[in-house]
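Below is one structure, written out as structure tokens; the observations come after it.
The values are calculated or read from the model by the stated rules, or taken from the named source; none is laboratory data. As the structure is a prediction and not an experimental result, all values here were calculated from the model. Here the Cβ positions follow ideal geometry from the backbone for every residue, glycine too, while neighbour counts run over all protein chains shown.
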């Protein structure tokens with residue numbers, strides 16, 4: 001008796017089931033593992049993204065501050081800074097929004113060498129980052145006594161201008177030169193810069209001390225830029241390129257202006273090309289041409305500071321007059337009827 | 001005929017796929033926690049402050065952000081107390097923390113800027129007075145402090 005072909009096929013299927021079940025179990029385990037891994041990775045990333053962002057931001061701030069401090073240390077060494085004095089210590093620090101401490105530590109390695117370390121210590125064990133910056137320079141002892149330096153009287157304490165100071169009280173023009181130091185513009189000063197690299201800071205007396213009343217109208221100091229102008233904040237006032245709340249800063253349409261540092265002026269008009277790296281504060285009006293790049297400007301407008309603490313060798317702070325909104329105005333603002 | 005026990009590979013694949021889809025749908029729902037709602041409100045309030053400061057800086061006039069404790073809203077206003085327009089929606093920059101006819105998700109418990117309910121920026125964009133804003137979502141409290149130097153909210157520990 002021969003069996004029916006269908007009977008043979010069913011028997012074969014029954015025999016194959018146990019082997020297939022093993023593969024199914026393995027595949028299910030692999031898929032479940034993959035799904036778990038994807039879910040955990042996604043969740044971990046979502047949880048840590050904000051944390052890492054804040055952490056990096058804090059580290060970046062200190063890194064930038066330390067680089068600026070490095071410039072100042074070089075300047076201090078140039079004028080004969082002794083090891084173990086101001087150049088040692090942890091002067092730059094920040095605490096991020098998520099609680100990490102970020103510290104820039106400066107160490108005197110030898111008489112002619114300083115080393116900067118920026119260390120960001122996270123509050124979790126896996127988020128420690130460290131960046132190292134090294135600086136070396138030959139120490140040249142300064143031969144200029146402190147008493148010979150230019151001093152400007154101020155009720156908050158006399159301000160001693162470090163480094164090279166040029167006082168301009170009328171029209172002055174510089175063409176095709178590289179300049180450095182502090183440039184103090186008096187009333188009616190007209191500083192014309194054409195194809196110039198200026199490493200330092202342009203100041204007015206009102207910018208240095210609020211006791212000095214701001215110049216008004218045609219008496220305001222004016223800076224005019226033609227051709228190329230590269231304005232880089234120096235070591236005397238780190239990160240401050242222009243500090244003149246009563247100054248007019250103009251760059252003509254064919255100019256190319258690159259500014260690195262804080263700028264404060266009564267009016268700012270930059271109509272040519274170029275870039276402005278840093279915060280710009282104006283009192284009256286501000287005008288930037290469409291071809292002027294402002295990297296970082298998208299971070300939002302900054303408020304007018306009461307005081308700039310320069311942290312430099314001699315210039316301790318620059319002050320700005322503050323205006324107060326009367327209480328009657330505030331009361332009117334909060335009592336107005338709003339249809340919500 | 002007896003039914004053979006066990007599942008085919010295809011059946012298991014379908015089940016795993018369905019589970020993954022359900023998990024993907026369920027995950028975003030965890031974003032509706034009180035902390036997340038308070039985060040969102042804090043960001044919106046910071047945006048309003050930034051807008052007021054921006055207007056004060058660029059127009060050299062007084063602007064502020066007014067908070068309403070009774071109806072739980074805040075609004076960017078000019079020196080006359082009139083709401084300014086939102087640059088995106090071109091409607092008054094007024095943020096209500098509740099949908100019409102519904103209780104708010106987040107309550108403004110108290111506001112104090114030197115005795116005022118307005119955070120004021122002078123014509124140079126400097127905040128006149130620092131202050132505190134206390135928020136509540138369900139039983140979760142968040143106290144925010146803002147100082148004149150930074151112009152940004154920082155969370156302070158809730159006491160009592």
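State which residue pairs qualify: first residue on the phi > 0 side of the Ramachandran plot and inside region A:230-255, second residue part of a strand (DSSP E or B) in any location, beta carbons under 7 Å apart, and separation of 6 or more residues or different chains.
A:239/A:262
Just the residues that are at pLDDT below 85 and at the interface with chain A (Cβ under 10 Å from one of its Cβ atoms), please, taken from region B:16-27.
Our first condition is that a residue be at pLDDT below 85; within region B:16-27, this holds for B:22-27.
Listed by number, the residues that qualify are B:23, B:24, B:27.
Can you say whether residue A:192 is within 24 Å of residue A:274 (Cα to Cα), at pLDDT 85 or above and over 25 Å from the mean Cα position of the chain (by Cα), as far as the supplied structure shows?
Numbers: within 24 Å of residue A:274 (Cα to Cα): yes; at pLDDT 85 or above: yes; over 25 Å from the mean Cα position of the chain (by Cα): yes.
It is true that residue A:192 is within 24 Å of residue A:274 (Cα to Cα), at pLDDT 85 or above and over 25 Å from the mean Cα position of the chain (by Cα).
Would you mind finding the one in B:61, B:56 that is closer than 30 Å to residue A:327 by Cβ, at the interface with chain A (Cβ under 9 Å from one of its Cβ atoms) and either in contact (Cβ under 8 Å) with a residue 40 or more places away in the chain or outside any loop (DSSP other than H, G, I, E, B) (or both)?
Values: B:61 fails: at the interface with chain A (Cβ under 9 Å from one of its Cβ atoms).
Result: B:56 is the single residue among B:61, B:56 that is closer than 30 Å to residue A:327 by Cβ, at the interface with chain A (Cβ under 9 Å from one of its Cβ atoms) and either in contact (Cβ under 8 Å) with a residue 40 or more places away in the chain or outside any loop (DSSP other than H, G, I, E, B) (or both).
Part of a loop (DSSP other than H, G, I, E, B), touching a helix residue (DSSP H, G or I) at 6+ places or on another chain (Cβ under 7 Å) and buried (at least 17 other Cβ atoms within 10 Å of the Cβ) - does that describe any residue in region B:126-149?
Narrowing region B:126-149 to residues part of a loop (DSSP other than H, G, I, E, B): B:126, B:128-130, B:138-139, B:147-149.
Filter once more, so that each one left must be touching a helix residue (DSSP H, G or I) at 6+ places or on another chain (Cβ under 7 Å): B:138.
If we keep only those that are buried (at least 17 other Cβ atoms within 10 Å of the Cβ) too, we end up with none.
There is no residue in region B:126-149 that is part of a loop (DSSP other than H, G, I, E, B), touching a helix residue (DSSP H, G or I) at 6+ places or on another chain (Cβ under 7 Å) and buried (at least 17 other Cβ atoms within 10 Å of the Cβ).
Within region B:103-125, how many residues turn out to be facing chain A (nearest Cβ under 9 Å) and assigned to a strand (DSSP E or B)?
So the answer is 5.
Considering each residue of region A:22-31, count those that are modelled with pLDDT of 85 or more and either exposed (fewer than 14 other Cβ atoms within 10 Å of the Cβ) or more than 16 Å from residue B:17 (Cβ to Cβ) (or both), and give that number.
The total comes to 2.
Could you tell me how many of the residues in region B:67-83 are surrounded by 18 or more Cβ atoms within 10 Å (Cβ to Cβ) and either more than 11 Å from every other protein chain (Cβ to nearest Cβ) or within 15 Å of the chain's Cα centre (by Cα) (or both)?
7
State yes or no: is residue B:80 assigned to a loop (DSSP other than H, G, I, E, B) and modelled with pLDDT of 90 or more? Before the answer, list the steps.
On the way: assigned to a loop (DSSP other than H, G, I, E, B): yes; modelled with pLDDT of 90 or more: yes.
When the stated conditions are applied, residue B:80 passes them.
Go through region A:245-340 and tell me which strands (runs of 3 or more DSSP E), entirely inside it, have 2 or more residues that are within 26 Å of residue B:147 (Cα to Cα) and either facing chain B (nearest Cβ under 10 Å) or at pLDDT below 65 (or both). Working first, answer last.
Values: elements: A:256-260, A:262-270, A:273-277, A:280-288, A:307-309, A:317-319.
Where strands (runs of 3 or more DSSP E) fall fully within region A:245-340 and carry at least 2 residues being within 26 Å of residue B:147 (Cα to Cα) and either facing chain B (nearest Cβ under 10 Å) or at pLDDT below 65 (or both), they are A:280-288, A:307-309, A:317-319.
Do the conditions hold for residue B:45, that is, is it at pLDDT 90 or above, surrounded by 13 or more Cβ atoms within 10 Å (Cβ to Cβ) and in a helix (DSSP H, G or I)? It would help to see each step written out before you state the result.
Details: at pLDDT 90 or above: yes; surrounded by 13 or more Cβ atoms within 10 Å (Cβ to Cβ): yes; in a helix (DSSP H, G or I): yes.
So residue B:45 fits the description; yes.
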